[in-house]
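Heads up: the structure comes next, in structure tokens.
Please treat every number below as a calculation from the coordinates, not as lab data. A quick note: this is a predicted structure, and the numbers were derived from the prediction, not measured. Using ideal geometry, Cβ is built from the backbone for each residue, glycine included, and neighbour counts are taken over all protein chains shown.
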Amino acid sequence: MNKRHTLTRTLQAAVIFISLLGFTTTAHALIIGSNNVVSRQTNVVFPSGSNTVLGFAWMTSGFTLQDSATTVSWDSIFPISGNILLNGGTLQLLSNLTLFPDAQILGSGTINAGGKTMFLGGDWTVGGSIAFPTSGVIDGGGHTVTLSGSGSLSIAAGQTLRLKNINIFGLAAGKLTIASTGVLTLENVDLNLDSAFGLSAGTIEAAGSVVVRSAGGAAFTVSSAGTFRVKSHGICRFDLESVLNYSAASNDKLVFEDATARLVLDGATLLVTQNVQLLKGQLVFQKKAAVQISTGRSLEIGDGSAVSNNIDLFNAPDASVTSSGIITNHNI
């Protein structure tokens with residue numbers, strides 16, 4: 001009888017030890033895994049304070065941040081399955097984060113990317129407000145990011161968020177906020193506007209291929225201190241019935257980085273409601289494209305002082321271009 005009790009207690013202790021393997025606790029933190037031995041972890045709720053997921057921790061069922069005072073520093077080399085529930089807390093990337101197709105980042109909170117890359121394994125529906133206080137990359141792998149309901153992204157001043165290989169849906173006013181000197185770089189991205197969207201601060205850069213589509217002719221507006229830049233070898237195409245509205249405070253906020261930068265109006269409209277000057281780069285018209293300039297405003301092509309500042313104008317074979325207002329061609 002005593003031997004049976006001893007064996008039972010020994011087995012219970014072993015089970016408890018195995019279940020706790022890979023967990024280290026301090027007074028205000030939880031450390032998951034190690035940097036030496038692989039451990040498989042089920043869903044973990046991280047408490048308030050500074051928590052860490054170490055290099056060989058394999059998170060197979062996601063994890064939860066308890067509240068807005070919770071920080072989780074991610075340093076695992078393994079992809080994650082299951083959902084990450086932010087609850088207003090901060091996810092800090094010390095290593096790249098790869099999400100399996102069943103993984104979502106849910107709720108509002110902060111992703112402190114720290115120059116690292118987040119790889120999406122499937123579509124991501126953003127239903128909360130996600131802040132990026134440091135630079136980083138989201139590589140969508142061809143998947144979709146939908147800004148649903150109150151879902152939004154914000155980029156801090158002086159930081160750059162690079163979106164690659166992503167189809168973005170649900171873009172509208174208030175869905176994407178860029179602070180002054182903040183930058184959103186788009187590389188092989190489709191932007192799909194649900195309604196009018198305004199860039200009033202910071203910079204959006206088109207690198208690689210970028211396509212802008214809009215529902216019912218909703219306008220993509222460059223206004224106030226916002227800057228829209230087409231990078232070297234970048235192609236930004238405004239699709240059928242979409243509108244690029246230039247309404248910035250100065251005439252130099254629609255920028256072509258060099259002669260290889262290309263803006264394509266593919267059945268789209270360039271609406272000029274404030275004076276704008278285009279230097280360098282290529283402006284291409286396809287299908288039924290239009291240039292509409294408000295009364296008292298003007299569109300200036302080139303600057304008349306340097307050939308390198310000329311804008312190359314191209315009409316595709318299927319182009320039918322209409323224009324109204326003052327257009328001054330300074331190309332030499």
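In deg cm²/dmol, rounded to 500, what helix-only [θ] at 222 nm does the chain give when every DSSP H run of at least 4 residues adds -39500 (n - 2.57) and the total is split over its residues?
Details: 1 runs with 19 residues, N = 332.
Value at 222 nm, helices only, nearest 500: -2000 deg cm²/dmol.
With a cut-off of 20 Å on the backbone N, the residues of the stretch 134-158 near the modelled label site 7 Å out from residue 68 along Cα-Cβ are 134, 150-157.
Shape class for the stretch 109-180: oblate, because the ratio a/c of the largest to smallest gyration tensor axis (alpha-carbon atoms, square roots of eigenvalues) is 1.5 or more and b/c is at least a/b.
If you take the Cα centroid of the stretch 181-219 and the Cα centroid of the stretch 276-332, the two points sit 21 Å apart. The Cα-based radius of gyration of the stretch 120-268, divided by its Kirkwood radius, gives an Rg/Rh of 0.93.
Between the Cα long axis of helix 2-20 and the first principal axis of the chain there is an angle of about 10°, rounded to the nearest 10. Charging the Cβ of each Asp and Glu at -1 and of each Lys and Arg at +1, and nothing else, the dipole of the stretch 96-329 about its Cα centre rounds to 220 debye.
Computed from the C-alpha gyration tensor, the three semi-axes of the ellipsoid equivalent to the stretch 23-95 are 18, 13, 10 Å, from longest to shortest.
Backbone geometry of the stretch 311-319 corresponds, through the Karplus equation with coefficients 6.51, -1.76 and 1.60 at θ = phi - 60°, to 3J(HN,Hα) couplings of 9, 7, 9, 10, 10, 5, x, 8, 6 Hz, x marking Gly and Pro.
Extension gain for residue 48 to residue 252 (0.36 nm times residue separation, less C-alpha to C-alpha distance): 68.8 nm. Taking a ≥ b ≥ c as the square roots of the eigenvalues of the Cα gyration tensor, the stretch 238-294 is oblate, since a/c reaches 1.5 or more and a/b is not larger than b/c. In terms of its C-alpha gyration tensor, the stretch 180-332 has a rounded overall shape, because the principal axis ratio a/c (a ≥ b ≥ c, square roots of the eigenvalues) stays below 1.5. With θ taken as phi - 60° and the Karplus curve 6.51 cos²θ - 1.76 cosθ + 1.60 applied, the whole-hertz 3J(HN,Hα) list for the stretch 78-93 is 9, x, 10, 9, x, 8, 9, 9, 6, 6, x, x, 10, 9, 9, 8 Hz, x standing for glycine and proline. Give me the net charge for the shell around residue 163: Cβ to Cβ below 10 angstrom, other residues only, Lys and Arg +1, Asp and Glu -1. Spelling it out: positives minus negatives among the neighbours equals 0. For residue 116, give me every one of the lysines with a C-alpha distance below 16 angstrom, ignoring sequence neighbours fewer than eight places off in its own chain. In chain and number order, the partners are 164. In the chain, the C-alpha radius of gyration followed by the widest Cα-Cα span (Dmax) gives 25.3, 102 angstrom.
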